[in-house]
Amino acid sequence: MNYRLLVFGSAVALSLAGAAIAQQQPNWDAIQVTAQPIKPGVAVLFGFGGNIGVSYGEDGTLIVDDQFLPLTGKIQAAIGGLGGTPVKYLVNTHWHFDHAGGNENFGNAGAIIFAQDRVRTRLAEGGLVAGNTSPPAPRAALPVITYASGTTFHINGDTIDVIHTGGGHTDGDSVIYWRKANVLHTGDMMMVNSGFPFVDLSSGGNVEHLIVSLDQMIRMTDADTVIIPGHGPLATRADLIAWRGMIATAVERVKALKDAGRTLDQAKAAKPITGLADTTNAFFPEDQFVEAIWGSLEAHGK
């Protein structure tokens, strides 16, 4: 496994610790994986990479995403600290290696890996992530059960819906919803304190699809829903609505410039989305989000 590419993937997909990690390998020994219980039998793990959702109890342990290969032991230890057993089921929200980088270890340990159809395809073939080549994943890292639109787990006293909303961050994004606990894991279709979203055009991402997916998530949730974003602290429905609103405003501003006959370079120079980000330390540069919006509009013939 090429850790340099994995680390680059994490830089692209956000390190909320603020470390300057691009092009260098982190000190895996120094990274801590911590657990935060949310509801009985439901928790989130924070570490290095995408947030991990956990369902644990008498039926076994299900996790959503698994960060990086060198962190598997720390992830397993954090689950054990919650009282959970070794991972039985693993769901990938999408194929990026800061979310699926640990698949090989968990697959070899006997976990059954689930993902949307395109996630398996992209993992198996490898490809570009923000202009960098990600190598094909080994067989043990590939999802063994895939779905087109979703699947449902009946586990640990809850019903957990895995739903392909149509994507947006990539073309294979899934959200995971605990019905009883009222907890939603958004994958990287929502991130908190991250600035602008990463719309991975090379992986089939599209900002207009993202808005449609966010609208579906908003309809699924209420004021009591606890949201596990792809990165950042736990969030609420109000945060989700604000995130969607920021993206929609950015699209409207860029589209207005495009409709007025501006070129992409002219649109970037106009700085139409300055001030919209939820942080000044955005990981995805403003100009690159304008480019992602522009590419998404062109993909729809707009």
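The values are calculated or read from the model by the stated rules, or taken from the named source; none is laboratory data. Everything numeric in this text was worked out from a predicted model, so none of it was measured. Cβ: placed from backbone, ideal geometry, glycine included. Neighbour counts: every protein chain shown.
Points worth noting:
- Search result, residues across the stretch 67-86 that are among the aliphatic types (A, V, I, L, M) and either closer than 12 Å to Ile31 by Cα or touching a His at 6+ places or on another chain (Cβ under 9 Å) (or both): Leu71, Ile75
- Leading residue by the ranking (surrounded by the most Cβ atoms within 10 Å (Cβ to Cβ)) among those in the stretch 253-283 that are of a type in the set (A, V, I, L, M), in contact (Cβ under 8 Å) with a residue 40 or more places away in the chain and assigned to a loop (DSSP other than H, G, I, E, B): Ile273
- Residue that is nearest to the chain's Cα centre (by Cα) [pool: residues in the stretch 125-149 that are surrounded by 22 or more Cβ atoms within 10 Å (Cβ to Cβ) and assigned to a loop (DSSP other than H, G, I, E, B)]: Pro143
- Test: Ser296 is surrounded by 15 or more Cβ atoms within 10 Å (Cβ to Cβ), outside any loop (DSSP other than H, G, I, E, B), out of contact with any strand residue (DSSP E or B) (no Cβ under 8 Å at 6 or more places or on another chain) and of a type in the set (S, T, N, Q): yes
- Which numbered condition Val119 fails, given (1) of a type outside the set (Ser, Thr, Tyr); (2) modelled with pLDDT under 95; (3) buried (at least 22 other Cβ atoms within 10 Å of the Cβ): (2)
- Count of residues meeting criterion [under 16 Å from Met246 (Cβ atoms) and touching a His at 6+ places or on another chain (Cβ under 9 Å)] in the stretch 191-219: 10
- Taken over the stretch 161-197, the criterion of being buried (at least 24 other Cβ atoms within 10 Å of the Cβ) and charged (D, E, K, R) is satisfied by Asp173, Asp188.
- Taken over the stretch 122-136, residues that are of a type in the set (Val, Ile, Thr) and at positive phi amount to 0.
- Hey, Gly187 modelled with pLDDT of 95 or more and in contact with a His (Cβ under 7 Å, 6 or more places away or on another chain) or not: yes
- Beta carbons closer than 9 Å, at least 6 apart along the sequence or on distinct chains, pair a first residue in the stretch 284-300 that is free of Cβ contacts under 8 Å to residues at least 12 places away in the same chain with a second that is charged (D, E, K, R) for Glu298/Lys258.
- Verdict on Phe68 being within 17 Å of the chain's Cα centre (by Cα) and modelled with pLDDT of 95 or more: yes
- The residues of the stretch 165-208 include none that are more than 21 Å from Ala250 (Cβ to Cβ), in contact with a Lys or Arg (Cβ under 7 Å, 6 or more places away or on another chain) and of a type in the set (S, T, N, Q).
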